[in-house]
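A.B. asks: This is the structure, below, for whatever I ask next.
The values are calculated or read from the model by the stated rules, or taken from the named source; none is laboratory data. Just so we're clear, the structure is a prediction, and the values are computed from it rather than from any experiment. Every residue, glycine among them, receives a Cβ derived from its backbone with ideal geometry; neighbour counts consider all protein chains shown.
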Amino acid sequence: MANSTSVTAPQSFSELNHLWWVVAFALVVFGGKVALESWIAGLMLIGFGAVVSPYVFARILAWLSANDPLQIRVAVVLFALASSTYVFYQHTARIDADAAEASRIQSIADALADEAKRVAEAEAKLNATKSYFAEHRTAVLAEFTAAVDSKNLTTAQVIRDRFIVAIQDPDFDLILNRFVDLKEEVALAEAEKARRARVAELIGQLTSVGAMDYDKAITIYGELVTLEPANKSYQQKLERFTRARDALAAKEAAALAAATAKAEHRQKIEEQFSGYDGSHRKFERLIKQAMNDPDSYDHVETKYIDKGSFIRVFCTFRGKNAFGGLVKNTKVADFSIGGEFLREIE
């Protein structure tokens, strides 16, 4: 039994040591790879890998005169992984920030270099233009003068743009002033040409305008008055069409108002009569109040005449007289348009 125990225990200890050698080696290898990105985190992993190796850890325990519980070494490994991960992210974040700042500084430097290059190129171009004008002054002035005299604005504009900034020459300035006047003259001529073309186009449109097409005529003559304010004929026709349109609008508004008033007038009259038998409701009540036997009232027919400010109602009915005989009678009365009784017609 004793022999069996003495054989098994060393085997278990050896297998455990082999496992920790594997863990230590894995930490060292992993630390080497991490060191490529963060040397601090990599060195931490390599150091912790050395610490948990059986050889080093056994000497640490001997120095501390402590036992070798498994959870201590596991805790060391977990702490190694957690702390190195934190350090890795902090270190790489700082590296990225430094790289971003370096990139920003480099961008500024590149921009300044580009600006300096652009300024240098512009200055070189300006100096080259000055030198060219100094060497070819007579030819340049002659070419500029010929372009202005021939009203060749394109060529004159090219010469002006090339030398306007680079030189200060009184003769060039004189030609330049003529060029500016010429541009204004050409612009005015083109504007006048466009105005005349538009006037002709508008006059052509008038041929298709009908006699009652007031809005279109007003639009055309309004633009013609703007284009040719001195033309009294256009102004008069604009006013005539405007008056005709306004008169037509007023007439249509009056007709609409009259039709509305007529409809309202007729509606007020019709509301006084029964939709069932055509009797005048208020007149029928008044007749019944005056009868000897109101229950014998029998409506025959009701007509009315519209007098404008009132209506005259004719009501024919049957009823018993004082002797009990059934007789036919017709009553006539005037009512207001609103339905109020005015008077009885004998």
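A.B. asks: Report, by residue number, each residue of segment 301-323 that is surrounded by fewer than 12 Cβ atoms within 10 Å (Cβ to Cβ) and either free of Cβ contacts under 8 Å to residues at least 24 places away in the same chain or part of a strand (DSSP E or B) (or both). Spell out how you get there, then give the answer.
C.D. replies: The initial filter retains those residues of segment 301-323 that are surrounded by fewer than 12 Cβ atoms within 10 Å (Cβ to Cβ), namely 305, 307-309, 322-323.
Ile305, Gly308, Phe323, listed by residue number.
A.B. asks: Out of everything in segment 179-202 that is of a type in the set (A, V, I, L, M, F, W, C) and in contact (Cβ under 8 Å) with a residue 24 or more places away in the chain, what residue ends up being farthest from Thr226 (Cα to Cα)? It would help to see each step written out before you state the result.
C.D. replies: Filtering segment 179-202 down to residues of a type in the set (A, V, I, L, M, F, W, C) leaves 179-180, 182, 186-189, 191, 194, 197, 199-200, 202.
With in contact (Cβ under 8 Å) with a residue 24 or more places away in the chain added as a condition, the list becomes 179, 182, 186, 199, 202.
On the way: Phe179: 31, Leu182: 27, Val186: 22, Val199: 10, Leu202: 12 Å.
Here the residue is Phe179.
A.B. asks: Can you tell me which residue is farthest from Val313 (Cα to Cα) among those in segment 249-278 that are among the small types (Gly, Ala, Ser) and over 55 Å from the mean Cα position of the chain (by Cα)? Please lay out each step first, then the result.
C.D. replies: First, pick out the residues of segment 249-278 that are among the small types (Gly, Ala, Ser): 249-250, 253-255, 257-259, 261, 263, 274-275, 278.
Filter once more, so that each one left must be over 55 Å from the mean Cα position of the chain (by Cα): 274-275, 278.
Numbers: Ser274: 13, Gly275: 16, Gly278: 11 Å.
Across segment 249-278, the extreme among qualifying residues is Gly275.
A.B. asks: Can Ala253 be described as in a helix (DSSP H, G or I) and either over 20 Å from Gly210 (Cβ atoms) or in contact with an Asp or Glu (Cβ under 7 Å, 6 or more places away or on another chain) (or both)?
C.D. replies: On the way: in a helix (DSSP H, G or I): yes; either over 20 Å from Gly210 (Cβ atoms) or in contact with an Asp or Glu (Cβ under 7 Å, 6 or more places away or on another chain) (or both): yes.
Answer is yes for this residue.
A.B. asks: Additional query: Can you find a residue in segment 88-102 that is free of Cβ contacts under 8 Å to residues at least 24 places away in the same chain, among the hydroxyl-bearing types (Ser, Thr, Tyr), part of a helix (DSSP H, G or I) and not assigned by TED's automatic domain parsing to the domain that holds Gly42? Let's see the steps before the verdict.
C.D. replies: Here is the first cut: in segment 88-102, the residues free of Cβ contacts under 8 Å to residues at least 24 places away in the same chain are 89-90, 93-94, 96-102.
Among the residues that remain, those that are also among the hydroxyl-bearing types (Ser, Thr, Tyr) are: 89.
Those still in the list that are part of a helix (DSSP H, G or I) too: 89.
Imposing the further condition that a residue be not assigned by TED's automatic domain parsing to the domain that holds Gly42 reduces the set to none.
No, that holds for no residue.
A.B. asks: If Asp215 satisfies all but one of (1) surrounded by 13 or more Cβ atoms within 10 Å (Cβ to Cβ); (2) assigned by TED's automatic domain parsing to the domain that holds Tyr234; (3) not aliphatic (A, V, I, L, M), what's the number of the condition it fails?
C.D. replies: For Asp215, the exception is condition (1).
A.B. asks: Given the options Gln90, Gln106, name the one that is within 30 Å of Leu36 (Cβ to Cβ) and modelled with pLDDT under 85.
C.D. replies: Details: Gln106 fails: modelled with pLDDT under 85.
Exactly one of Gln90, Gln106 is within 30 Å of Leu36 (Cβ to Cβ) and modelled with pLDDT under 85, namely Gln90.
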